[in-house]
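S.K.: Structure incoming, see below.
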Amino acid sequence: MAIVKFIDYVEKEKNYSPHTLTAYQNDLERFASFCATEFQETSIDLIDYPLIRSWIVSLGQEGKSNRTINRKISVLRSYYNFLMRIEVRTTNPLRKHKPLKEEKKVQLPFTEKEIAALLDGAHFEDTHQGLLAKTIIETLYSTGMRRTELVHLEYSQVDFENNQLKVIGKRNKERIIPMIPSLKKKLHHFATLVAPVRNKTGNLYFFCNQKGGKISDTLVYQLVNDYFNRVSTKVKRSPHMLRHSFATHLLNQGADLNTVKDLLGHASLAATQIYTNSSMEQIKAVYKDAHPRGYNK
């Protein structure tokens with residue numbers, strides 16, 4: 001099987017994040033395991049669509065959502081396109097496959113009140129972790145950057161003189177995000193306090209742990225989830241929800257969709273428009289509560 005070559009290809013040619021690479025490899029290895037267990041196929045490279053269809057059915061029987069199944073199929077499709085590229089196959093067995101219909105779910109972002117309650121309240125301990133958590137949350141909400149972009153943000157990319165951040169997004173695409181005064185103050189404070197340990201380790205990354213080392217994606221998720229658990233009852237309390245909140249709150253305040261697209265680093269408006277759904281949900285809620293002939297009046 002050419003799985004190792006494929007992962008190497010998407011890492012070097014597509015510049016996918018470590019998180020995405022791990023997900024791709026896991027999906028392909030689990031599919032290979034299914035083929036070996038159920039059909040005694042020792043390689044997935046030259047199989048046909050009926051076997052893939054059996055795998056899709058099994059995923060549904062396991063309770064996987066159509067969205068999850070479609071993501072796994074997308075990985076498999078990319079793998080077979082790669083095999084065509086290196087001339088292992090002449091056709092893609094998924095060429096005629098149609099994605100499963102997905103139920104569109106509107107994920108409500110954190111409200112402005114929830115974010116203010118956390119950032120303006122006395123929820124952060126006077127420790128390195130408390131300072132790290134508050135600075136991370138402030139940065140994610142003030143910039144809309146992705147979790148992996150924050151983890152890989154280097155100290156040299158924080159331009160205090162010109163009040164801006166240089167962010168390296170997907171496929172190594174650079175974008176500049178303005179640094180609002182409150183964020184600048186928070187980042188400068190953090191940088192000053194951790195300078196001694198960062199200098200000892202030679203760590204290039206802006207956000208570092210108590211020993212001066214690089215932080216992980218998992219730590220960022222844990223900090224956001226744990227601290228928002230103190231002010232929010234929402235089930236989804238992830239770094240991505242802060243990115244979601246950033247975009248939605250800007251749109252609610254009248255920001256131009258194209259501007260939000262550029263700040264988020266989206267390649268097209270289609271990706272940004274999903275945040276208009278959340279904005280509309282808030283508009284509907286306000287309308288129902290405020291209109292003289294609204295609900296429950």
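The values are calculated or read from the model by the stated rules, or taken from the named source; none is laboratory data. Here the structure is a predicted model, which means the values were calculated and not measured. Here the Cβ positions follow ideal geometry from the backbone for every residue, glycine too, while neighbour counts run over all protein chains shown.
S.K.: Inspect the range 104-114 for any residue being touching an Asp or Glu at 6+ places or on another chain (Cβ under 9 Å), basic (Lys, Arg) and either part of a helix (DSSP H, G or I) or not assigned by TED's automatic domain parsing to the domain that holds Glu138 (or both) and give the result as yes or no.
M.R.: Within the range 104-114, the subset touching an Asp or Glu at 6+ places or on another chain (Cβ under 9 Å) is 106, 108.
Then keep just the ones that are basic (Lys, Arg); that gives none.
Within the range 104-114, not a single residue is touching an Asp or Glu at 6+ places or on another chain (Cβ under 9 Å), basic (Lys, Arg) and either part of a helix (DSSP H, G or I) or not assigned by TED's automatic domain parsing to the domain that holds Glu138 (or both).
S.K.: Could you list all residues from the range 103-118 that are at pLDDT below 80 and surrounded by fewer than 14 Cβ atoms within 10 Å (Cβ to Cβ)?
M.R.: Once the filter is applied, which keeps residues that are at pLDDT below 80 and surrounded by fewer than 14 Cβ atoms within 10 Å (Cβ to Cβ), the range 103-118 yields Glu103, Lys104, Lys105, Val106.
S.K.: Something else about it: For the range 161-203, how many residues meet the condition of being at positive phi and of a type in the set (Lys, Arg)?
M.R.: 1
Every residue, every condition in (1) within 30 Å of Gly144 (Cβ to Cβ); (2) touching a Pro at 6+ places or on another chain (Cβ under 9 Å), yes or no:
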residue	(1), (2)
Val4	no, no
Asn66	yes, yes
Tyr80	no, yes
Thr111	yes, no
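S.K.: So Thr148 ticks every box in (1) in a loop (DSSP other than H, G, I, E, B); (2) under 20 Å from the mean Cα position of the chain (by Cα); (3) within 27 Å of Leu223 (Cα to Cα) but one. Which box is left unticked?
M.R.: Checking Thr148 against (1) in a loop (DSSP other than H, G, I, E, B); (2) under 20 Å from the mean Cα position of the chain (by Cα); (3) within 27 Å of Leu223 (Cα to Cα), the one that fails is (1).
S.K.: So which of Ser74, Ser65, Ser58 is among the hydroxyl-bearing types (Ser, Thr, Tyr), surrounded by 12 or more Cβ atoms within 10 Å (Cβ to Cβ) and over 25 Å from the mean Cα position of the chain (by Cα)?
M.R.: None of the other options fit; the residue is Ser58.
S.K.: Mind listing whichever residues of the range 17-54 are assigned to a loop (DSSP other than H, G, I, E, B) and in contact (Cβ under 8 Å) with a residue 12 or more places away in the chain?
M.R.: Within the range 17-54, Ser17, Ser43, Ile44, Asp45, Leu46, Ile47, Asp48 meet the criteria.
S.K.: Residues that are at pLDDT below 95 and part of a loop (DSSP other than H, G, I, E, B): does the range 127-142 have at least one?
M.R.: So far as the range 127-142 goes, yes, one or more of its residues are at pLDDT below 95 and part of a loop (DSSP other than H, G, I, E, B).
S.K.: Scan Asp27, Asp8, Asp48 and give me the residue that is buried (at least 17 other Cβ atoms within 10 Å of the Cβ), acidic (Asp, Glu) and either farther than 30 Å from Thr218 by Cα or not assigned by TED's automatic domain parsing to the domain that holds Lys170 (or both).
M.R.: Answer to the selection: Asp27.
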